[in-house]
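**Q** Here it is, the structure in full.
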Amino acid sequence: MNKSVAFVVTTLTYGGAEIQVSLLAKKLHDRGWKTSIITLTDPKALDEELRNYGVDVISLGMKGGTPDPRAIFTLRKQLKRIKPTIVHSHMIHSNLISRISRAITNGVSKPPLICTAHSLQEGGKVMELLAYQLTDRFCNLTTNVSQAAVDRYVKVKNAPSNKIRKVFNGIETSQFQYDEEKRKAKRKELNLGDKFIWLAVGRLNEAKNFGLLLNSFKEYLTKAPNSELLIAGQGELEEFLKDIIAKESIENSVRMLGRRTDVLDLMCASDAYVMSSLWEGLPLVLLEAASVGLPIVTTDVGGNAEIVSDKNSGYIVPSSDQAALVAAMLKMYELPETDRQRLGETGSNYIKSLFDIESIVDTWESTYNEFISK
């Protein structure tokens with residue numbers, strides 16, 4: 001049987017959901033599936049790499065922030081042309097358009113449609129009502145990336161319990177392993193000396209709550225001055241965060257590194273990882289940091305507690321609680337190195353047992369075949 005899957009996404013960029021879809025498309029391509037990615041708006045990244053890999057990338061040409069009903073019919077036209085055996089949409093806007101396209105032009109007939117959400121809450125009440133509750137009958141299955149998110153979607157009636165499943169995000173754990181030589185080289189390159197290094201990676205936006213992290217780090221430094229915080233990422237709040245750094249006079253202890261292609265090396269060079277997010281889905285970067293063996297301090301949002309086991313592989317604190325974040329970071333700093341290594345090893349073993357991309361692709365293949373066979 002010809003096996004082909006068409007992924008539908010809002011765009012292609014360096015976001016976690018888009019990176020996950022790109023990885024799934026490549027892994028399924030390796031397993032003999034014909035894979036396509038249809039973007040609502042023009043790609044911003046990843047498309048050239050995907051095409052070189054053998055994955056088709058098709059843009060519907062929508063303008064960001066501008067609803068365009070024509071995209072519904074354009075999507076259906078593209079699906080008729082490429083004839084996938086299954087359609088797999090990701091994130092709220094793509095899920096909505098994929099469902100409406102199906103409702104208007106071909107009901108709930110083939111190919112099967114699976115819709116994946118990537119967060120505990122993807123939009124406001126009205127958008128969720130449109131994208132999930134009112135249109136549930138036009139898809140075969142909804143999935144989300146954490147059990148916490150699945151539980152919430154059932155509770156607010158975004159999906160009935162018999163039509164929603166948890167499917168974790170996955171990473172190539174073999175590529176995220178600790179390397180002592182990388183640690184030495186990167187620490188020398190960045191002139192980190194013998195400092196205790198914290199790492200945080202992510203878009204500089206509201207969700208990541210880096211402002212809280214910077215204020216917490218200022219307080220933390222009063223008891224742990226031989227420390228440095230590295231922040232890797234770019235985004236709309238960059239100047240705002242730089243103003244906080246200047247205002248709090250912590251320029252010598254915080255480095256804004258911008259978007260990096262050497263995140264693995266930075267993880268190897270660091271002593272602990274910190275995440276201060278207000279909301280998350282199942283963040284890939286947290287999976288990567290744990291896979292490398294970094295002990296982690298993170299806020300209890302989204303699926304973070306499904307990645308980090310409190311007191312076993314790190315510490316989990318309430319969201320927006322500066323005092324709790326500072327206390328957990330100090331507790332991590334004060335641990336003997338052997339205890340931090342134990343936390344890191346526990347986390348790494350857990351990630352490799354449950355979140356390796358090959359086992360996640362196994363789950364998706366099984367799910368696709370289940371609905372194709374029906």
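**Q** From the set of residues in segment 52-83 that are of a type in the set (S, T, N, Q) and modelled with pLDDT of 90 or more, which is surrounded by the fewest Cβ atoms within 10 Å (Cβ to Cβ)?
**A** Ranking the candidates gives 52 first.
**Q** Among the listed residues 164, 171, 245, identify the single one that is β-branched (Val, Ile, Thr) and under 24 Å from residue 350 (Cβ atoms).
**A** 171
**Q** Right, next: Restricting to segment 339-355, name every residue that is over 19 Å from residue 227 (Cβ atoms) and in a helix (DSSP H, G or I).
**A** Matches in segment 339-355: 342, 345, 346, 347, 348, 349, 350, 351, 352, 353, 354.
**Q** Can you find a residue that is modelled with pLDDT under 95, aliphatic (A, V, I, L, M), out of contact with any strand residue (DSSP E or B) (no Cβ under 8 Å at 6 or more places or on another chain) and outside any loop (DSSP other than H, G, I, E, B) anywhere in segment 179-187?
**A** no
**Q** Kindly provide the set of residues from segment 1-44 that are among the aliphatic types (A, V, I, L, M), in contact with a Leu (Cβ under 6 Å, 6 or more places away or on another chain) and part of a loop (DSSP other than H, G, I, E, B), ordered by number.
**A** Residue satisfying the conditions is 12 alone.
Residue-wise test of (1) of a type in the set (Lys, Arg); (2) farther than 15 Å from residue 178 by Cβ; (3) surrounded by fewer than 24 Cβ atoms within 10 Å (Cβ to Cβ).
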site: 307; (1), (2), (3): no, yes, no
site: 330; (1), (2), (3): no, yes, yes
site: 337; (1), (2), (3): no, no, yes
site: 341; (1), (2), (3): no, no, yes
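**Q** Can you find, within segment 123-171, the residue that is surrounded by the fewest Cβ atoms within 10 Å (Cβ to Cβ) among those that are part of a strand (DSSP E or B) and hydrophobic (A, V, I, L, M, F, W, C)?
**A** 141
**Q** Since residue 153 meets every condition but one in (1) of a type in the set (Ser, Thr, Tyr); (2) without any contact (Cβ under 8 Å) to a residue 12 or more places away in the chain; (3) under 30 Å from residue 131 (Cβ atoms), which condition does it not meet?
**A** (2) is the only condition that residue 153 fails.
**Q** Moving to a separate point now. Identify all residues within segment 276-330 that are without any contact (Cβ under 8 Å) to a residue 24 or more places away in the chain and either outside any loop (DSSP other than H, G, I, E, B) or more than 23 Å from residue 171 (Cβ to Cβ) (or both); write none if there are none.
**A** Of everything in segment 276-330, those that are without any contact (Cβ under 8 Å) to a residue 24 or more places away in the chain and either outside any loop (DSSP other than H, G, I, E, B) or more than 23 Å from residue 171 (Cβ to Cβ) (or both) turn out to be 286, 310, 311, 315, 316, 317, 318, 321, 323, 324, 327.
Yes/no matrix, rows are residues, columns are (1) closer than 17 Å to residue 114 by Cβ; (2) of a type in the set (Val, Ile, Thr):
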{"residue": "39", "(1), (2)": "no, yes"}
{"residue": "48", "(1), (2)": "no, no"}
{"residue": "54", "(1), (2)": "no, no"}
{"residue": "58", "(1), (2)": "no, yes"}
{"residue": "64", "(1), (2)": "no, no"}
{"residue": "96", "(1), (2)": "yes, no"}
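**Q** Among the residues in segment 52-69, are any in a helix (DSSP H, G or I) and in contact with a strand residue (DSSP E or B) (Cβ under 7 Å, 6 or more places away or on another chain)?
**A** no
**Q** If you check 280, 251, 236, which single one turns out to be among the charged types (D, E, K, R), surrounded by fewer than 15 Cβ atoms within 10 Å (Cβ to Cβ) and within 29 Å of residue 152 (Cβ to Cβ)?
**A** Going through 280, 251, 236 in turn, just one is among the charged types (D, E, K, R), surrounded by fewer than 15 Cβ atoms within 10 Å (Cβ to Cβ) and within 29 Å of residue 152 (Cβ to Cβ): 236.
**Q** Would you check which residues across segment 208-255 are assigned to a helix (DSSP H, G or I), within 23 Å of the chain's Cα centre (by Cα) and closer than 26 Å to residue 194 by Cβ and list them?
**A** 210, 213, 214
The values are calculated or read from the model by the stated rules, or taken from the named source; none is laboratory data. Given the structure is predicted, the values throughout are model-derived calculations rather than measurements. Using ideal geometry, Cβ is built from the backbone for each residue, glycine included, and neighbour counts are taken over all protein chains shown.
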